[in-house]
1. Determine if the range 206-213 includes at least one residue that is more than 17 Å from the chain's Cα centre (by Cα), surrounded by fewer than 17 Cβ atoms within 10 Å (Cβ to Cβ) and not polar (S, T, N, Q).
2. Tell me, which helices (runs of 4 or more DSSP H) wholly within the range 55-173 include 1 or more residues that are among the polar types (S, T, N, Q)?
3. Please find, within the range 314-330, the residue that is most open to solvent (accessible area, probe 1.4 Å) out of those that are in a helix (DSSP H, G or I) and in contact (Cβ under 8 Å) with a residue 60 or more places away in the chain.
4. Only one of these conditions is not met by Leu333: (1) surrounded by fewer than 22 Cβ atoms within 10 Å (Cβ to Cβ); (2) closer than 14 Å to Thr395 by Cα. Which number is it?
5. Please name all residue pairs, on different chains or six or more residues apart, with Cβ atoms under 9 Å, provided the first residue is in the range 289-311 and is under 18 Å from Leu383 (Cα atoms) and open to solvent by 10 Å² or more (accessible area, probe 1.4 Å) and the second residue is among the charged types (D, E, K, R) and part of a loop (DSSP other than H, G, I, E, B).
6. Of everything in the range 84-114 that's buried (at least 19 other Cβ atoms within 10 Å of the Cβ) and without any contact (Cβ under 8 Å) to a residue 60 or more places away in the chain, which residue is nearest to Leu289 (Cα to Cα)?
7. Just to be sure I understand, how many residues within the range 33-48 are surrounded by 12 or more Cβ atoms within 10 Å (Cβ to Cβ) and in contact with a helix residue (DSSP H, G or I) (Cβ under 8 Å, 6 or more places away or on another chain)?
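The values are calculated or read from the model by the stated rules, or taken from the named source; none is laboratory data. No experiment lies behind these values; they were computed from the predicted model shown. All Cβ positions, glycine included, derive from the backbone under ideal geometry; neighbour counts span all protein chains shown. Heavy atoms of the whole protein, side chains included, go into the accessibility calculation; ligands, DNA and RNA do not. Shrake-Rupley method; radii C 1.70, N 1.55, O 1.52, S 1.80 Å.
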Amino acid sequence: MNQQILGQLIRLAEKGFIILGLTFFSGAFGINSLGMIIPPGVVSLIRYLIWGASTALIVLLWQNTLIAFSRNFLLFLLTGLAYFSFIWSYDPDFTLFNSREVLMMTFFGLYFASRFSLKEIVELIGLTLFISCLTSVIVAVGMPAIGTHIGDDHSGAWKGVYGHKNNFGSMMILMWLSFFTLPKDNSQIYKYLGIFLSILLMLISTSKTSLVISILLISMMFFYKHFRWQGKISVIILDVGILILGCLSVFITTYWVEILTELGRDSTLTGRTPIWGVMILRLIERPLLGYGRGGFFAPGSPYGFEAGRVLHAGWAPAHGHNGFLDLAIDFGLIGLGIFLINYFATFARGLKRAYATNNPEALFPLAFLLFLVMNNITESFLLYQINIYWVIYVTVAFQLNQKNPDFDEEYEEEYLSSQRERHLYIN
C-alpha cells in the first residue's frame, strides 16, 4: 500500500470519526431516542471512544494544542473554570462526575478545528445532519413510539432521533444553515435537497421556536449575502444591532400570544419567568462563581425545587431554559463575562470572514453564532450537559483564530475588488 492510499484511508477514518462524534453530541444516542434500541454498553463504548480518541489525538498533536491554547486563552480559561467548578459546587460529586463532558466537547472541537478547513467543517456538519435526517424519517415512520411524541402534550409531532420535537427542530435549523453555506463545488441537487428536507422536517416537528428562529435566520442570511458592506466600524455596529434585534424578535414572536393575553398581568411565558426570577435572586447570593456546573439543578438540590415550586409543588426543572442565565448560575458573572468577551471576539472574526470572501462556507461561522444566541434565549444549549452546539462553537472559535495565509491573500484580493465595485457603484 503506497503512501498516498494510506493517507486517503486515514483521512477517511478521521471523517468517519467526526461524523460519529457529531452524531453522539447531537443527542441521537440519548435515552429518549436511538438509545432506546441500542444497548447501553454500545452507547458507553461510543462515548469513551470519542473521549479517548479526542484526548489521544490532542496529545499527539501537542504542538497544535499549545498554539491553539495561546490564541484562545479565554476559551480554555472558561473550560478550566467549568471543569474545576466542583471545588465550589453545591453538589461537588455531581459536578465532578459530569465535568468530563466539558473536556470531551472542548478536545473534540479543538481536534475538529485543527485537522479540517472551514470548508470541510461545513461539509461534515451537513453530511452528519443529512444522515441523521434520513434516519429520523425512517424512525418516525417505522418506529413511531421512538420517532414521534405519543400520549403527551405534543402528541403526533415528530422528534426523529433527537428525543424531543424542539431538539429535532433545532437540529433542522442547523442542517439548513450548513446546507445553505455549502461550498460551491458540492452538488447543487444535494444542496437543495438538504435545504428542502430541513425545512420540511422543521415544519413537521411543530417546534414554534425553531420556526421563528429559522425565518429570522433566513432573512438575515439573505441580507448578509446580498448587502455586504465593507466598512469596519459601521459593519460591527450594524451587525451587533441586528443580533440584538434578532434576539428580541425571537422572544417577542415566540411568546406573542402570552404577551398579548397577559398584558397588564403577570405573564409567565410558559413558566420560564418565575424560574428565572428565582435563579437571579440566588445568583445575587453567589455572584462571582455561581453554584458549579449543574449544581443548582442537581438531583435533590433544594434550589431546583425552589425554582420549580413556583409552578408545581415537588417539581424541579432540569435547567433554567436560558443558556446565558444557566451559564451565570453555574459559573457566576466571571464565567458569563469570559464567555461574552470570547463570543464577541469570535463574532468580530466571523464578520471579517463573512464580508471578506464570496465563498458561501465563509458565512457559516457568522450564521451559527447568530443562531447560537437566539437559540439560547428560551433554551439552554451552551455548557449544559453534552451538546453539539458547544462543540461547534468551540470548533468555530478555534478555526477562526487560526492563521491561514491562503485566506489572508484571498481576503486582500476580494476586499480590494469589492471596494472598487463599491466605488464604481457610488460614482
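1. yes
2. Working: elements: 62-71, 73-83, 92-98, 100-115, 118-142, 144-147.
In the range 55-173, 62-71, 73-83, 92-98, 100-115, 118-142 are the helices (runs of 4 or more DSSP H) which contain 1 or more residues that are among the polar types (S, T, N, Q).
3. So the first thing to find is which residues in the range 314-330 are in a helix (DSSP H, G or I), and the list is 323-330.
So of that shortlist, the ones also in contact (Cβ under 8 Å) with a residue 60 or more places away in the chain come out as 323, 330.
Details: Gly323: 1, Asp330: 20 Å².
Of everything passing the filter in the range 314-330, Asp330 is most open to solvent (accessible area, probe 1.4 Å).
4. (2)
5. Filtered contacts from the range 289-311: Gly294/Asp91; Pro299/Asp91.
6. Phe107
7. 7
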